[in-house]
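No value in this document is a laboratory result; all are computed from the given coordinates. A quick note: this is a predicted structure, and the numbers were derived from the prediction, not measured. FYI the Cβ positions are ideal-geometry reconstructions off the backbone, even for glycines, and counts take in every protein chain you see.
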Amino acid sequence: MARSIQENLAAGSGQSDDVEQYDVVVIGAGVTGLYALYRLRGLGLSVRVVDEASGVGGTWYWARYPGCRFDSESYSYGYSFSEELLQEWDWEEHYAGQPETERYLNYVADKFDLRKDIQFHTRVKSATYNEDENRWLVEATDGRKISGQFLVTAVGLLSAGYIPDFEGIHDFKGPWCHTGRWPKEGMDLAGKRVGVIGTGASAVQLIPMIAPEVAHLTVFQRTANFCAPLRNGPIDKETMAEIKTKYPEIFRACNETAGSFMHEFDPRSAMDVTPEERLAMYESLWEKPGFAKWLSNFRDVTVPGEANEDYAEFVRGKIRERVHDPVVAEMLVPKDHTFGAKRVPCETHYFDTYNRDNVLLVDVRKAPIERITPTGVKTADAEYDFDVIIYATGYDAVTGALLNIDIYGEGGELMKDKFVDGPRTYMGVSCVGFPNLFTVNAASVGNFVRAAEPLMDWVAECIGYVRDNGFSRISPTLESEDAWVKHVNEDGEKILRTKHANWFNGGNIPGKARALLTAPDTAPAMRAMRAKVAANGYEGFVLK
Ligand code: N01
């Protein structure tokens, strides 16, 4: 609930002796938070990063389920800001797993001596803007407080795990967890009867990894997904040495594509070539690693229509080829959404896993889960007994982690109230009534590090501009915020991501407003837009 102005000013006074004062407080020590610290410290600012975890990594710290990895090429995912770092770090796999990525982020933290400015074991409860002082007071759940003139929420895009409100979750007698909060000590699954709920990108990575070790695995699927083979592999020394000579090219290529991935669409229409040529292209893409079969495809495969359906049918054929039992194969073939309307998960042995004798696929669209029982899961037509339950049920994306913090802006306005019908921001990064706050978690999408670095560069330059020009606060105008919200909603309607309920549009969370949570623009367009705003003296913002 919002606070009165008086309550807000009282709560937000950070002047007492026990409150440490910084120029900038950054929430989150993940990919963006680490770079924010490096970048802002480089401007001579005092920075404090706070994080709930005991180590760096953010999402890469928490999501340590077997098989967790990114689907971007490793060498396109690392930071680009330090040539020394690029030359020192050897990626082991083309698509690095969580342990390798966590090691990398720890290496970065050590190399740039970041840890000394990070306060771990600190979960932020609230942040309050004090308009008399133009400062943010950040309060942790253990009562500790710190204050900063600027606040950067690097809290992650997919970090607030979502577990459906099933009745009886806490009655289950065995261990259970969400993929995004996998225990550091691991889950003992060997020889156990395990139930996995969900078949999104996380489950698609997890299921083939655990199936061989469990006694029996039951997968509860509501929506079948268009998954594509990842085709991962180790990087040998020679290849890594060659990659190191090509970083400028790699980053240039990423910077030119819509999602900052190393894959560029074919400008032709799938329907302008002969059926033979089309099939040859599909087959050749299918053999390529990573997102190539999605993002290097004919341009019209990415929009609803004939080309999209033609390719969807090709992918369905690939799934049918892999699964021996035709009934199970049909359950795994997506028929209710357009190819690409949901994020395409990359898989390794996922479909083959359903050929194992110890794996059962259950359709919970036909017979939904009714409740969790002390011994397992009850659906509308059967009961299943388990030793362990794993919820691979996704995330309250983009705004989830942000709004889990009570953020009080001017006049005690609560951000949760402001965002009730969807995010209200200017360029995803700033909003009216919440001066000096940069919601960087809400603005990066695509190949994550490629998006996070330039965004954080922009925020750092903006903070530098505010300070160097003797201003004490910056916030957008209502006109610029209104125009941005209108742009997101109107142009968002034109893109595939809004065509089916998914995390990009809030449709995966019952009761969450259905609105595109990210920008509808390409990464180059976003960078250009921000650069223009900065070049015009932070157009659309009010500086005081
Ligand atoms: O989550 P999801 P995720 N009853 O939302 C099901 C990123 N990621 O964690 O589709 C039964 O995709 C739900 O069913 P439905 C990546 O961007 C990246 O897998 O809503 N089932 C779905 O099957 C990805 O897109 C990597 O019908 C229920 C599943 O739970 C994003 O994270 C690796 C249910 C949730 O799938 C999220 O992926 C992994 C219910 N009541 C993830 N509620 C990298 O490559 C939900 N489900 C870095």
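Numbers below:
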quantity	calculated
Intensity falloff of the chain expressed as log10 I(q)/I(0), Debye formula with alpha-carbon point scatterers, at q = 0.08 Å⁻¹	-0.54
In the stretch 468-544, the GluC sites (Glu not before Pro) that fall in loop regions by DSSP, at most 14 other Cβ within 10 Å	E493, E539
Karplus (6.51, -1.76, 1.60) ³J(HN,Hα), θ = phi - 60°, over the stretch 61-77, in Hz, Gly and Pro reported as x	7, 8, 8, 10, 5, x, x, 5, 7, 9, 9, 8, 5, 3, 6, 9, 9
Under 17 Å from the Y465 label point (7 Å along Cα→beta-carbon), backbone N, the stretch 502-544	526-544
Residues whose placed amide H lies under 5 Å from that of M262, excluding near-sequence neighbours	E73
Potential extension, D491-D272 segment - 0.36 nm per residue separation minus Cα distance	76.2 nm
Fewest-first sequence of F471, F226 by Cβ atoms within 10 Å of each Cβ	F471, F226
Shape call, the stretch 35-191: gyration tensor on alpha carbons, a/c limit 1.5	oblate
Neighbourhood charge, 15 Å Cβ-Cβ cut-off, centred on A392 and excluding it, Lys, Arg +1 and Asp, Glu -1	+4
Likely footprinting exposure, S202, S475, S480, fewest C-beta neighbours within 10 Å first	S480, S475, S202
Residue-by-residue Karplus 3J(HN,Hα) for the stretch 400-409, coefficients 6.51, -1.76, 1.60, Hz, glycine and proline x	x, 5, 5, 7, 5, 9, 7, 9, 9, x
Whether the stretch 3-126 is rounded, prolate or oblate, judged on the alpha carbon gyration tensor where a/c under 1.5 counts as rounded	prolate
Residue among L360, V301, V398 farthest towards the positive dipole end of the stretch 264-422, charges placed on Cβ	L360
Sites A10 and S472 - FRET efficiency at Förster radius 30 Å, r taken between beta-carbons, to 0.05	0.90
Residues R252 and K335, FRET efficiency given R0 of 35 Å [Cβ-Cβ distance, rounded to 0.05]	0.30
Nonlocal amide H pairs with V542, under 5 Å, H built at 1.01 Å	S475, T477
Beta bridges per DSSP with both ends in the chain, % antiparallel, nearest 5	40
Neighbourhood charge, 12 Å Cβ-Cβ cut-off, centred on A201 and excluding it, Lys, Arg +1 and Asp, Glu -1	+1
Stretch gain in nm, segment D381-D421, where the contour uses 0.36 nm per residue and the Cα spacing is subtracted	10.8 nm
Of the GluC sites (Glu not before Pro) in the stretch 35-102, those whose Cβ has at most 15 other Cβ within 10 Å and which sit in DSSP loop	E92
Length released on extending from N358 to D90, taking residue separation times 0.36 nm less the Cα-Cα span	92.7 nm
For the stretch 304-345 and the stretch 222-287, distance of Cα centres in Å	19
Shape call, the stretch 46-89: gyration tensor on alpha carbons, a/c limit 1.5	oblate
Under-5 Å amide H pairs with Y65, H placed in peptide plane, nonlocal only	W182
Relative contact order of the chain, defined on C-alpha pairs under 8 angstrom at six or more residues apart (%)	20
Cα→Cβ-extended label distance, 7 Å offset, between S284 and F265, nm	2.0
Under the Karplus curve 6.51 cos²θ - 1.76 cosθ + 1.60, θ = phi - 60°, whole-Hz ³J(HN,Hα) for the stretch 468-482, x wherever Gly or Pro sits	5, 9, x, 8, 10, 8, 9, 8, x, 7, 5, 4, 5, 5, 4
Surface/4 of the Cα convex hull for the stretch 287-418, nm²	12.9
Neighbour net charge for A36 - beta-carbon separation under 13 angstrom, K R +1, D E -1	-3
Förster radius 22 Å - calculated FRET efficiency between R365 and A513 (Cβ-Cβ, nearest 0.05)	0.35
Nearest-ten-degree value, helix 523-535 long axis tilted from longest Cα axis of the chain	10
